[in-house]
Amino acid sequence: MANPSLLILPGDGIGPEVMAQVRRVIDWFGANRDLAFDVSEDLVGGAAYDKHGTPLHDDTMARAQEVDAVLLGAVGGPKYDDLDFSVKPERGLLRLRKEMDLFSNLRPAQCFDALADFSSLKKDVVAGLDIMIVRELTSGVYFGEPRGIHKEGNERVGINTQRYTESEIARVARSAFELARKRSNKVCSMEKANVMESGILWRQVVQEIHDAEYPDVELSHMYADNGAMQLVRAPKQFDVIVTDNLFGDVLSDCAAMLTGSLGMLPSASLGLPMANGRPKALYEPVHGSAPDITGQGKANPIACILSFAMALRYSFDEGENADLLEGAVQKVLADGVRTADLMGPEGGSPVSTTEMGDAILAALD
Ligand code: NAI
Ligand code: MG
């Protein structure tokens with residue numbers, strides 16, 4: 001059987017720096033775990049604009065549609081701030097998400113014990129935390145029509161429309177239930193069915209999909225405002241949370257920050273299954289291109305490395321190898337290895353991007 005294929009798009013700023021460490025990790029799995037990938041690399045964002053005059057070349061887009069998973073670093077930077085909207089680096093990423101129809105955005109919030117002191121919450125509230133927010137990414141109020149700003153009499157009126165079809169809700173619900181089965185088998189769905197019709201439909205459809213296809217998964221429903229409160233009060237009560245685009249945007253940022261630095265946060269965006277059964281998939285760190293530290297060897301590669309761990313788990317059904325990689329990250333942090341972003345106020349001597357890669361490879365060995 002052919003090796004699974006990966007398209008790597010390092011992008012701009014610290015993207016290539018953190019991705020270089022991921023390449024070493026990928027090679028380690030090929031050499032030591034009999035898990036070889038066919039890896040190709042291409043340009044996205046400003047890097048693609050510099051070469052092709054577009055933030056995503058058509059050939060790259062076509063390749064992204066073919067591969068088993070795409071791994072992206074970050075896009076953007078001050079150099080590109082004055083470009084026309086249509087060729088801005090972000091457009092490359094948005095085109096990937098849109099044309100691959102990546103409707104299910106997975107944002108884990110996992111607390112590494114060694115970093116529990118970093119949280120703004122009490123240590124015992126977050127220690128051992130491991131939850132996953134599934135955010136609907138391609139519909140809802142960010143896309144609904146009508147929208148715009150118009151004049152009514154003497155004043156301006158701004159309009160956006162929250163719109164969800166049954167099938168849009170059903171597919172992201174399935175994605176959440178499938179995930180839950182690979183985790184602790186628990187889903188909490190969040191909306192505001194008390195005040196929004198789209199929320200009433202959301203709750204109904206999630207319940208119907210559950211009853212018909214996933215009765216083995218424990219399902220609960222919560223109003224999103226209460227959900228926000230519960231996330232900060234007692235986050236460990238959750239396993240998988242599924243919610244719409246707008247609430248998901250806010251709740252996932254909130255949950256992520258329970259656990260510390262931007263340099264630690266991975267994400268996945270999944271679409272429908274391909275012919276081989278694997279979902280269309282894009283994995284990327286949550287952080288951006290960090291122009292303030294680019295080229296200084298300061299970037300924390302862990303968010304990007306954990307994004308690859310998510311690829312192992314969700315695209316390649318290699319949960320055991322994902323555990324191995326996440327365990328190596330845990331160990332390195334427990335040993336006190338820290339990039340600059342993980343230094344507390346008391347300071348210390350941080351390691352470089354490459355040294356963090358060295359430490360993770362050594363822990364894997
Ligand atoms: P950012 O995430 O790039 O940086 C925010 C802060 O966090 C900076 O101080 C940065 O040094 C630090 N930081 C981020 N990642 C880090 C890492 N791995 N290790 C250590 N420190 C890290 O967000 P910002 O500054 O708002 O945006 C910078 C550029 O990135 C902009 O052009 C923006 O459009 C783009 N961006 C791209 C994203 C993507 O590719 N998905 C997401 C967010 C922003
Ligand atoms: Mg956000």
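The values are calculated or read from the model by the stated rules, or taken from the named source; none is laboratory data. Keep in mind that this is a model prediction, so the values were computed, not measured. Positions of Cβ are backbone-derived with ideal geometry, glycine not excepted, and every protein chain shown enters the neighbour counts.
I want to confirm something. Restricting to the stretch 281-335 and keeping residues that are in a strand (DSSP E or B) and not aromatic (Phe, Trp, Tyr), which single residue is farthest from ligand 2 (Cβ to nearest atom)?
The residue in question is ALA281.
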Just checking, which of GLU99, GLU90 is within 16 Å of ligand 2 (Cβ to nearest atom), more than 14 Å from the chain's Cα centre (by Cα) and in the same structural domain as LEU7 (by TED's automatic domain parsing)?
-> GLU90
Flag if ASP253 is more than 14 Å from ligand 2 (Cβ to nearest atom), of a type in the set (Asp, Glu) and touching a strand residue (DSSP E or B) at 6+ places or on another chain (Cβ under 9 Å) | no
Quick one: which residue in VAL205, VAL187 is surrounded by 14 or more Cβ atoms within 10 Å (Cβ to Cβ), among the β-branched types (Val, Ile, Thr), in contact (Cβ under 8 Å) with a residue 40 or more places away in the chain and in the same structural domain as PHE247 (by TED's automatic domain parsing)?
-> VAL187
Go through the residues of the stretch 208-225 one by one and say whether even a single one is without any contact (Cβ under 8 Å) to a residue 60 or more places away in the chain, of a type outside the set (A, V, I, L, M), surrounded by fewer than 16 Cβ atoms within 10 Å (Cβ to Cβ) and within 16 Å of ligand 2 (Cβ to nearest atom).
-> no
Strands (runs of 3 or more DSSP E) wholly inside the stretch 1-101 that include at least 2 residues being surrounded by 23 or more Cβ atoms within 10 Å (Cβ to Cβ) = 5-11, 69-74
Which condition number does ASN194 fail, the rest of (1) in contact (Cβ under 8 Å) with a residue 24 or more places away in the chain; (2) surrounded by 15 or more Cβ atoms within 10 Å (Cβ to Cβ) being met?
-> (2)
Would you point out which residue out of LEU312, LEU324, LEU361, LEU342 is among the aliphatic types (A, V, I, L, M) and under 20 Å from ASP38 (Cα atoms)?
-> LEU312
Within the stretch 144-240, which strands (runs of 3 or more DSSP E) (wholly inside it) include 2 or more residues that are over 20 Å from the mean Cα position of the chain (by Cα) and more than 29 Å from VAL126 (Cβ to Cβ)?
-> 144-152, 155-161
Report the residue count in the stretch 251-280 for those that are modelled with pLDDT of 90 or more, within 16 Å of ligand 1 (Cβ to nearest atom) and not in a strand (DSSP E or B).
-> 4
Filtering the stretch 240-270 for residues that are surrounded by fewer than 22 Cβ atoms within 10 Å (Cβ to Cβ) and out of contact with any helix residue (DSSP H, G or I) (no Cβ under 9 Å at 6 or more places or on another chain) leaves a count of 2
Quick one: how many residues across the stretch 281-305 are surrounded by fewer than 24 Cβ atoms within 10 Å (Cβ to Cβ) and more than 10 Å from ligand 1 (Cβ to nearest atom)?
-> 2
Quick check, is ILE302 without any contact (Cβ under 8 Å) to a residue 60 or more places away in the chain, hydrophobic (A, V, I, L, M, F, W, C) and closer than 21 Å to VAL75 by Cβ?
-> yes
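I need a count of the residues in the stretch 253-288 that are in contact with a Gly (Cβ under 8 Å, 6 or more places away or on another chain) and closer than 28 Å to ALA114 by Cβ.
Number of matching residues: 4.
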